[in-house]
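J.: The structure follows.
Computed from the coordinates by the stated procedures, all read-outs in this text should not be read as laboratory data. The structure presented is a predicted model; accordingly, all values stated were derived computationally and were not measured.
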Amino acid sequence: MSYRRVRAVASRAVSATTQATIIGDVDVREAEAIVEDGKLLVAPSALSAALGWTLEAQGLCRGDVCVPVRDPSALFSNGRVDLEAVAHALGRLAVVDADAGVMAMSADPATRRQALGLSAPAFTLDDLDGSPHSLDEWRGRKKLLFAFASW
């Protein structure tokens with residue numbers, strides 16, 4: 001294979017158009033994206049279709065909610081919107097596999113914190129002597145639950 005052909009193949013792999021799948025906290029969306037340097041980039045007009053957010057003067061907006069963005073230019077790469085940069089600007093975790101055309105974006109921080117609540121469901125376990133003990137026996141006191149498995 002000649003150098004010229006290798007270079008042409010490499011440049012196509014770096015900047016290719018794909019139908020991207022964006023997995024959000026509520027839904028799964030499809031959007032036409034450009035894969036460039038490991039990033040999924042969409043046209044500014046396609047941001048709403050891709051993530052459900054629009055870039056306005058006051059920041060990233062969805063309905064009545066707007067998240068201020070200090071440096072809107074940081075969301076762009078070659079005139080297109082970097083989906084991972086938008087996720088981070090929204091305070092969300094994101095995982096991108098640009099080659100596969102897939103991005104997964106977490107729920108907002110408040111929802112993630114709520115999901116990690118510190119209350120355990122009611123349960124009853126036997127101790128080493130076979131006597132049952134309920135979690136409710138220690139209500140109002142701090143507890144340490146130690147679990148062990150031999151496998």
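J.: Report for the chain the percent antiparallel among DSSP-assigned beta bridges with both residues inside it, nearest 5.
T.: If I count the DSSP bridges inside the chain, around 90 percent turn out antiparallel.
J.: Turning to a different aspect of this structure: Using 10 Å bins from zero, what percent of all Cα-Cα pairs in region 17-104 falls into each bin?
T.: 19, 58, 23, 1
J.: May I ask you to evaluate 6.51 cos²θ - 1.76 cosθ + 1.60, the Karplus curve with θ = phi - 60°, for each residue of region 140-147 and list the ³J(HN,Hα) values in order in whole Hz, giving x for glycine and proline?
T.: x, 10, 5, 10, 10, 9, 10, 10
J.: At q = 0.10, 0.16 Å⁻¹, what is the base-10 log of I(q)/I(0) for the chain according to the Debye formula with one equal point scatterer per Cα and no solvent? Please give it to two decimals.
T.: Taken in order of the listed q values, log10 I(q)/I(0) reads -0.55, -0.86.
J.: May I ask for the angle, rounded to the nearest 10°, between helix 3-14 and the longest principal axis of the chain, with both axes built from Cα atoms and the value confined to 0 to 90°?
T.: Result, in degrees: 50.
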